[in-house]
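Peer 1: Here's a structure for you.
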Amino acid sequence: MPLMKKPGGWSWKLGVAALLVLAAGGGGAFWWWNQRPPEVNYRTAKIERGPLQSTVSASGQVNPVTQVSVGTQVSGQIKELYVDFNSEVRAGQLIARIDPETFEYRVRQSQADLEASQAAVLTAMANVAAVRASVSRARVDLVEAQRDLERKRMLVERQFIAQSEADKSQALVNTTTESVRAAEAQEGVAQAQVKSAQANVAQRQAALAQARIDLERTRIVSPVSGIVIKRTIEKGQTVAASLQSPELFVIARNLRDMQVDTSIDESDIGRIRNGQKASFTVDAFPGQSFEGEIRQVRKAAQSVANVVTYVAVVAFSNTTGRLLPGMTANVRVVTDTRESALKVPNAALRVRIAGVEPPARAASGASGAAGSASGAGAGSAAASGPAAEGASGAAPASAPASSNRGAWGFPWISEAQAQPMPGEGGGAEGGAARGGRGPGGAGPGGAGPGGAGGPGGFGAAQRQRLVEELKLDAAQAAKLEAIYAGMAPRFQQLRDLPPEERPKARERLMAEIRARIGDQLKPEQKARYTTLVAEAASRIVTRGRIYLQGEDGKPRAYNVRLGISDGTMTELLVAPGSPDAAVLREGALVITGVSGGAGPAPASGGRPAGPRISF
């Protein structure tokens, strides 16, 4: 009997096959969709221009400018207390008293000892008088014996008496002479006894004076006028003054002029100078800021758990009296200020996009960077720069945070201001200081159009600022130009030194420039110049990389030099003659983050590469 087919069997098989085809197609589409690179989105911000401040933050304690610890030099029981916390006192005012009874008896005893020693002096002086009388009698007896001897010798010569009578008189003279000598010796002893008694009197007088001083010291008086901010004793308490005087009170001399003793980390202390403005807050008055300035930077280091700090004293006026000693202050010191700086967000400095590198420039551009009017500044910077920068004009992807301080010997010019980025300013913009061979590099200073030493360049502007800051006359300004013009060939010779020797050689030349400038300054100008050099020593320039978003939406990398930072924005240093000056301008879009795609490429160690921000 033939098998019977189920109704609709073929339809069921066709349906299953269709489902399998659809599932395979959906899986393939899903796989293809997942393999497609996700769309890359860039977060951007604008390059801005505006004021910028670099600050150092630290904590400290509010203290009076002068506070005196009042102790005691004698031991005893506190009998009276005349002041308390917050009491206003005057210099010399009695503030406490130690029980004086014991010291009063010591004074009386010393007084009695003094009187006894004075009586002993009188006795010794009377003894001297008696001895002197004995000496006088002995001398009289000697004279009488000598007269008797002369008479008997005369009678012996006339043979009126025997020779034995004369011999007896001679023996008497000899005996009397020795008696005189003994009496004179006794007089010397008596006089010595008088001096001893007088010395004893001096000792007793000193003991009496000491006893009176100790009695006076039972009266604790204020050494200064001020306010009692601490009291550590109570009435009836016994204090012992042995090797160290115990602290009874602490008196603040003036609570209207106070200071904050701030602990500054050793990495930031180089940027702290006297006269810098500082502001601080205290927890007692949230939302309120108090102003002061750095009055002293103490050179004594403090090390706690291998952390080295230095104390910077911030002086301020506490006219209202609201701030109290011991309050914790959060201090913010302004170390540098820019009135109109080109600045980028710090987030842009942490972005790294794989495969996007700065465009390579011709070697002539790198070697012909803008020179100064004297060639000294850019030449010195070139001599110490990496050779790879001259070839490609681009810094490595993880540009190090190399710091450059005070090029040219000018007190405020950093190398980033004295020279463009590697590869910038070739040809007519180049200078002989960096080996440029363009038309602008033929002169002694290598100043070409738009170069650092050309009209409107950094060198000329900064030299003019030096003239204005120090108020140089025409002769001094001419000598200044001659100093830099004469140093130009020596800076150019730095190119021939090994790379490891260039920094020290350049620093020696810069020190010589500063010394020669100082030699032709007046005393008041030297003081100002020293201050400017010290200010420039704390200015740090770092290198970094940013990415701008072009009109086509693609990122473009640029190696840049960075100045000060406030923690949110960082100064962008762009030389006037730089080819990137037209791109790195206010309003340009800088990439601050990447979402999707491969994402930002982390630096070695999993941390984004970039400069160390100084703020």
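Peer 1: Got a sec? Which of Val250, Val356, Val308, Val331 is in a strand (DSSP E or B), out of contact with any Asp or Glu (no Cβ under 9 Å at 6 or more places or on another chain), over 30 Å from Thr232 (Cα atoms) and hydrophobic (A, V, I, L, M, F, W, C)?
Peer 2: On inspection, the qualifying residue turns out to be Val331.
Peer 1: Output the residues belonging to the range 513-522 that are open to solvent by 50 Å² or more (accessible area, probe 1.4 Å) and either in contact (Cβ under 8 Å) with a residue 40 or more places away in the chain or in contact with a strand residue (DSSP E or B) (Cβ under 6 Å, 6 or more places away or on another chain) (or both).
Peer 2: Arg514 - this is the single residue of the range 513-522 that is open to solvent by 50 Å² or more (accessible area, probe 1.4 Å) and either in contact (Cβ under 8 Å) with a residue 40 or more places away in the chain or in contact with a strand residue (DSSP E or B) (Cβ under 6 Å, 6 or more places away or on another chain) (or both).
Peer 1: Does the range 55-71 include one or more residues that are small (Gly, Ala, Ser), at pLDDT 90 or above and part of a helix (DSSP H, G or I)?
Peer 2: No: the range 55-71 contains no residue that is small (Gly, Ala, Ser), at pLDDT 90 or above and part of a helix (DSSP H, G or I).
Peer 1: Residues of the range 159-181 being open to solvent by 50 Å² or more (accessible area, probe 1.4 Å), assigned to a helix (DSSP H, G or I) and either hydroxyl-bearing (Ser, Thr, Tyr) or farther than 14 Å from Asp148 by Cβ (or both), which ones?
Peer 2: Of everything in the range 159-181, those that are open to solvent by 50 Å² or more (accessible area, probe 1.4 Å), assigned to a helix (DSSP H, G or I) and either hydroxyl-bearing (Ser, Thr, Tyr) or farther than 14 Å from Asp148 by Cβ (or both) turn out to be Gln163, Ser164, Thr175, Glu178, Ser179, Arg181.
Peer 1: Checking the structure you have, find out if any residue of the range 42-53 is without any contact (Cβ under 8 Å) to a residue 12 or more places away in the chain and not β-branched (Val, Ile, Thr).
Peer 2: For the range 42-53, residues without any contact (Cβ under 8 Å) to a residue 12 or more places away in the chain and not β-branched (Val, Ile, Thr): absent.
Peer 1: From Ala91, Ala96, which residue is within 30 Å of Val228 (Cα to Cα), outside any helix (DSSP H, G or I), hydrophobic (A, V, I, L, M, F, W, C) and touching a Phe, Trp or Tyr at 6+ places or on another chain (Cβ under 7 Å)?
Peer 2: Exactly one residue qualifies, and that residue is Ala96.
Peer 1: Now for a separate question. What do you reckon, is Tyr558 among the hydroxyl-bearing types (Ser, Thr, Tyr) and in contact with a Leu (Cβ under 7 Å, 6 or more places away or on another chain)?
Peer 2: Taking the combined requirement at face value, the residue satisfies it.
Peer 1: Which numbered condition in (1) open to solvent by 20 Å² or more (accessible area, probe 1.4 Å); (2) modelled with pLDDT of 90 or more; (3) under 23 Å from Ser267 (Cβ atoms) is the only one that Thr337 fails?
Peer 2: So the condition that Thr337 fails would be (2).
Peer 1: What residue, among those in the range 183-202 that are touching a residue at least 24 places away in the same chain (Cβ under 8 Å) and small (Gly, Ala, Ser), is most open to solvent (accessible area, probe 1.4 Å)?
Peer 2: By that ranking, first place goes to Ser196.
Peer 1: Next question. Using beta carbons and a limit of 7 Å, which pairs, at least six apart or on different chains, have the first residue in the range 276-300 and more than 13 Å from Thr262 (Cβ to Cβ) and the second one of a type outside the set (Ser, Thr, Tyr) and open to solvent by 80 Å² or more (accessible area, probe 1.4 Å)?
Peer 2: Within 7 Å, the pairs are Phe285/Arg322.
Peer 1: Right, next: Being closer than 30 Å to Val228 by Cα and not charged (D, E, K, R), is that true of even one residue in the range 117-133? Let's see the steps before the verdict.
Peer 2: Our first condition is that a residue be closer than 30 Å to Val228 by Cα; within the range 117-133, this holds for none.
There is no residue in the range 117-133 that is closer than 30 Å to Val228 by Cα and not charged (D, E, K, R).
Peer 1: Ok, one more. Residue under question is Ala209, and the condition is that it be open to solvent by less than 50 Å² (accessible area, probe 1.4 Å), in contact (Cβ under 8 Å) with a residue 12 or more places away in the chain and either touching a Lys or Arg at 6+ places or on another chain (Cβ under 7 Å) or assigned to a helix (DSSP H, G or I) (or both); does it hold?
Peer 2: Details: open to solvent by less than 50 Å² (accessible area, probe 1.4 Å): yes; in contact (Cβ under 8 Å) with a residue 12 or more places away in the chain: no; either touching a Lys or Arg at 6+ places or on another chain (Cβ under 7 Å) or assigned to a helix (DSSP H, G or I) (or both): yes.
Against the criterion (open to solvent by less than 50 Å² (accessible area, probe 1.4 Å), in contact (Cβ under 8 Å) with a residue 12 or more places away in the chain and either touching a Lys or Arg at 6+ places or on another chain (Cβ under 7 Å) or assigned to a helix (DSSP H, G or I) (or both)), Ala209 does not qualify.
Peer 1: Which of the residues spanning the range 311-328 are part of a strand (DSSP E or B) and open to solvent by 10 Å² or more (accessible area, probe 1.4 Å)?
Peer 2: As a first pass, look at the range 311-328 and keep what is part of a strand (DSSP E or B): 311-317, 328.
Of everything in the range 311-328, those that are part of a strand (DSSP E or B) and open to solvent by 10 Å² or more (accessible area, probe 1.4 Å) turn out to be Val311, Ala315, Phe316, Ser317, Thr328.
The values are calculated or read from the model by the stated rules, or taken from the named source; none is laboratory data. Source: prediction; values computed, not measured. FYI the Cβ positions are ideal-geometry reconstructions off the backbone, even for glycines, and counts take in every protein chain you see. In case anyone asks, the SASA skips ligands and DNA or RNA and just uses the protein heavy atoms, side chains included. Shrake-Rupley method; radii C 1.70, N 1.55, O 1.52, S 1.80 Å.
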